[in-house]
Amino acid sequence: MVYGNMKLTILVDNYVDSQKLKAEHGFSALIEDENQKILFDCGQSDLVLANSKVLGIDLNKISKIVLSHGHYDHTGGLLSIIKYLNREIDVYAHPLIFEEKFSKYKGFNECNESRYIGIPEKLQVYEKKGAKFLLNSMPVQISEDIYLSGQINKDMGDNNATPGITQSNESSLFIKRNNRLVKDPLFDDISIFINLSDLLLIVTGCAHSGIVNILKKANELKLARKELVIIGGLHLLKFEKHDIDKIIGELKKYNIKMIVPSHCTGIDAFVQLKNNFGDKCLFGSAGKVFKF
């Protein structure tokens, strides 16, 4: 798909179908136009550097880094990238990105166990290597056409933030507060809105806030009154079929030009999206390039 000067390349994803590239559970994308290159998320390791090299992409030229939220599979490669750059660089994120995040799961003999899944290092570690964190919970315009969503309201209405659906999807995610693990409201989840002349491009990390809520946020910012392209993780892996059908019903209220489910969307959810959106739905994987 070619429109103009905006280009998005998926650098890291759970899936890969290109020679010499590798996959990992994580997400990273490079957003670029004639004026700048913005790295959105960093995967979980230094794979973002290796895949970029294979693709012939020089990450030395990035001008900004945006982190969608504080989970390891989006922030784990940050330190490697900052060391590689060996200079100061602005890093945009929500103020709660450094909260200690955990996942609970059933371990040996069905015992409840937990593991740390948050950003690997403390703020000061990144700052010493050149990261200049710009933390804000409000929408931020970071270039002429590119906006950060800011904190997304989790509407308790008819979308994938309803109590039942949220519980089925996020019940294992916790944060540590006062030495206790409490449910993570995932307030740090943000997305990118790229406002082009003929369409709005929405780039998500995991869409923990719910893709329908993210679209509503774009509406609030008066950015969604045109054709839409959605690229990124939709976090539907553990959703029931009927819940995904509800979300698809909400998505169909918008003028969707293209949707590229990636990372944490899940194969079953992708199949449902593909069955409903047909050729408009493309499978996300490392190495995919989109021009707008």
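The values are calculated or read from the model by the stated rules, or taken from the named source; none is laboratory data. Fair warning: this is a prediction, and the values are worked out from it, not measured in the lab. Note that we place each Cβ from the backbone using ideal geometry, even for glycine, and neighbour counts take in every protein chain shown.
Things to note:
- Hits in the stretch 182-224 - residues which are among the acidic types (Asp, Glu) and either farther than 13 Å from LYS154 by Cβ or not in a loop (DSSP other than H, G, I, E, B) (or both): ASP198, GLU220
- Any hit, the stretch 268-284, residues being assigned to a strand (DSSP E or B) and aliphatic (A, V, I, L, M): no
- Criterion (among the aliphatic types (A, V, I, L, M), at pLDDT 95 or above and assigned to a strand (DSSP E or B)) met by exactly one of LEU134, LEU79: LEU134
- In the condition set (1) under 19 Å from ASP145 (Cβ atoms); (2) free of Cβ contacts under 8 Å to residues at least 40 places away in the same chain; (3) part of a loop (DSSP other than H, G, I, E, B), LYS20 is compliant with all but (1).
- Residue match in the stretch 213-225 (condition: under 17 Å from the mean Cα position of the chain (by Cα), among the small types (Gly, Ala, Ser) and within 20 Å of SER149 (Cα to Cα)): yes
- Qualifying position, being surrounded by fewer than 24 Cβ atoms within 10 Å (Cβ to Cβ), touching a Pro at 6+ places or on another chain (Cβ under 8 Å) and not acidic (Asp, Glu), among PHE277, PHE290, PHE270: PHE270
- Considering the stretch 171-202, the residues that are of a type in the set (D, E, K, R) and touching a His at 6+ places or on another chain (Cβ under 8 Å) include one that is surrounded by the most Cβ atoms within 10 Å (Cβ to Cβ), namely ASP189.
- Contact map, the stretch 94-109: residues that are over 14 Å from ASP184 (Cα atoms) paired with residues that are at pLDDT 85 or above and acidic (Asp, Glu), Cβ distance under 6 Å, separation 6+ or inter-chain. Pairs shown: HIS94/ASP188.
- Residue list for the stretch 223-247, filter: aliphatic (A, V, I, L, M) and surrounded by fewer than 19 Cβ atoms within 10 Å (Cβ to Cβ): LEU237
- Being in a helix (DSSP H, G or I), out of contact with any helix residue (DSSP H, G or I) (no Cβ under 8 Å at 6 or more places or on another chain) and among the charged types (D, E, K, R) is a condition met by no residue of the stretch 227-241.
- Looking across TYR147, TYR92, one residue alone is closer than 30 Å to ILE248 by Cβ, among the hydroxyl-bearing types (Ser, Thr, Tyr), surrounded by 15 or more Cβ atoms within 10 Å (Cβ to Cβ) and at pLDDT 95 or above. It is TYR147.
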